[in-house]
Amino acid sequence: MSSIKKIRGFQDIYGEEARKYRFVADTARKIFDRYNFQEIILPYVEDVSLFARSVGEETDIVQKEMYVFEDRGGRTVALRPEGTASAVRAYIEEKLYAKGGYTKLFYEGAMFRYERPQAGRYRQFHQIGAEVFGVDTPLSDAELIKMVKDILDELGIQIRLEINTLGDFESRKVYIKKLKEYLAEIKDSLCEDCRKRMERNPLRVLDCKVEGCRKATENAPQLIDFLPEEKVERFEKVKEYLKALEIQYTVNPRLVRGLDYYTDTVFEFITDKIGAQGTVAAGGRYDRLVEQLGGPPTPALGFAAGVERLMMLIETLPEKQPLIAVIPVVPEFNIEGLKTADILRKRGIKTELIMKEGSLKSKMKLANKIQSDFVVFVSEKPELKDMETGEQELFENIEDLRDVVEKKLSGD
Ligand code: HAM
C-alpha cells in the first residue's frame, strides 16, 4: 500500500530544525516578557468575514490565499492567515479595553496562507507577534521597533530595517486617486499583475519587484507629499527616537505592506540572505482597525515575524545540555536502572535509560549513537564512564555517583 504524504506547502519540523524553532520562540517569549507583554492564545479558526473586514477585501490574502470552508454547522470559517485580526477581535469581544491604560499582547503559532510554496514560503507557517492597544505616541512606534530589534539581536541576526509612513486614510484616499491617474498613463509599461492591481489595490503596484514596473513608477507621486504637516512631523519624531536608540534604518517610500489596515508608521526587517522571501519581520500602526471592527476608537500597533524565516538565519544554537545514559548491565539490574534514571532526572540531569535488551556491547553502541556524554553502568556497584576521555570510575552507591555527575555536568 502506498504511504500517505504530507500536503504541499506543509512541513514536519524535527531534529535540529525543531531545536531552532524552540530557540526562536523561547527567545521571543523572553524578550516579550522583558517588555511586559502578556500572552494571548487565539483560535486558529475564525469567522471568514473577520479577515475580509480587517486585512482587506481586495488584498491577495483575502482574494486568493485563505483556507475557507464550511464547518458542520454551516458556518463559513477560515484558518487564520495572520494574528492581528484575531487579536483585535479578542480585544473587543473580551473587553480588554475596560481596565484602562493600554494593553500589550503577544502570540505565537501557526498561520495559513494558500501561497505558491518556495524557500521561506509555506502554506502553514508560524509567527511570533505582538500587538499594543490604546497608545498613539511616536514613542510607542519606536519602542515596538526596538523590541523587534532586541529579538533579532538576541538571536544573533543582523538585518536591515526599512520604514515608511502611510499617514491617515483620508489623505491616502486623495493620494490613491492621483496615483491611479498616474498609473493609467503608464499602464502599458506595467506587468500583467500590476495592470490588475491598478484599480483594486494601486498602492501594491509601488511594491512590485518587476524591474519594468519599478522603472515606470520612478516618477510616481509620493504619498508623503499628500500627508498633513502633523503626520510628517510625527514620522520625524519616530525617526529621531530610532536614531537615539542607534537603530539603523532606511526610509523606503515604496514600502506599503500587503494588508489594508495600516496607518502612519510601517516597517519591515529584510534580508537578502534567504532568497526572494526576504521579509522576516513586519508591522506598523493600525489606528482605525479596532473601531472598524466594532470596538471603541483605539489606536494600535504591532508586528509579526515568520519563525521559519528567522530559523533560516540562525547560525548558532545554544549548547545542548549534557546527556547521561543509564545502562542496566544485565536484566537483573533493570529495577535499579529505573531508579537510577529517576534519581538523576529529579536532579534535573538529562537522562536516557537504555531500554533495549541485549549484550552490554549493543547497549554501549546505542549510548554512543544517541551521543551520550556519560554512561552509568548499573551493576552491584555503579560505574561512571566519561565518553569523551574514556575514564571510568567505580562508586560505592548511587548517591556518591550522583554528586560526582552533578559536579561534572556543571563543569567543575
Ligand atoms: P505579514 O507581513 O503578512 O504581516 O507577515 C509577517 C511575517 O510573517 C512576514 O514578514 C514573514 O516573515 C511571515 N510570513 C508571511 N507569510 C508567510 C509564508 N507564506 N511563509 C512563511 N512565512 C510567512 C502580518 O501578518 C501582520 N499581522 C503583522 C502585524 C502585526 N502588523 C501589525 N501587527
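The values are calculated or read from the model by the stated rules, or taken from the named source; none is laboratory data. Here the structure is a predicted model, which is why all the values come from computation and not from measurement. Don't worry about glycine lacking a Cβ; one is built from the backbone with ideal geometry, like all the others, and counts go over all protein chains shown. With ligands, DNA and RNA removed, areas are computed over all heavy atoms of the protein, side chains included. Shrake-Rupley method; radii C 1.70, N 1.55, O 1.52, S 1.80 Å.
Of the residues making up region 28-64, those that are within 17 Å of G109 (Cβ to Cβ) and part of a loop (DSSP other than H, G, I, E, B) are F37, I40, I41, L42, P43, Y44.
Among the residues of region 125-144, the one identified as outside any strand (DSSP E or B), within 12 Å of the ligand (Cβ to nearest atom) and under 21 Å from T27 (Cα atoms) is L144. The residue of region 7-63 that is surrounded by the fewest Cβ atoms within 10 Å (Cβ to Cβ), among those that are touching a residue at least 60 places away in the same chain (Cβ under 8 Å) and among the polar types (S, T, N, Q), is N36.
Condition check ((1) outside the structural domain of F32 (by TED's automatic domain parsing); (2) modelled with pLDDT of 95 or more) across all residues:
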| site | (1), (2) |
| --- | --- |
| Q248 | no, yes |
| K273 | no, no |
| Q277 | no, no |
| G284 | no, yes |
| V290 | no, yes |
| P318 | yes, no |
| I354 | yes, yes |
| L360 | yes, yes |
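If the condition is being outside any helix (DSSP H, G or I), closer than 16 Å to Y286 by Cβ and open to solvent by 20 Å² or more (accessible area, probe 1.4 Å), then region 65-124 contributes Y102, K104.
Among all residues of region 324-341, there is none that is surrounded by fewer than 18 Cβ atoms within 10 Å (Cβ to Cβ) and within 37 Å of the chain's Cα centre (by Cα). Inspect all residues belonging to region 155-173 and state whether any of them is over 28 Å from E65 (Cα atoms), within 13 Å of the ligand (Cβ to nearest atom) and under 17 Å from the mean Cα position of the chain (by Cα). Yes, that holds for at least one residue. Checked against the criterion of being of a type in the set (A, V, I, L, M) and either closer than 28 Å to F133 by Cβ or within 13 Å of the ligand (Cβ to nearest atom) (or both), the candidates V210, V232 yield just one match: V232.
Among the strands (runs of 3 or more DSSP E) confined to region 284-391, the ones with at least 3 residues that are away from the ligand (no atom under 16 Å from the Cβ) and in contact (Cβ under 8 Å) with a residue 24 or more places away in the chain are located at 323-328, 350-353, 374-378. If you go through region 237-281 and pick out every residue that is over 13 Å from K146 (Cα atoms), of a type in the set (A, V, I, L, M, F, W, C) and in contact with a helix residue (DSSP H, G or I) (Cβ under 9 Å, 6 or more places away or on another chain), you end up with 6.
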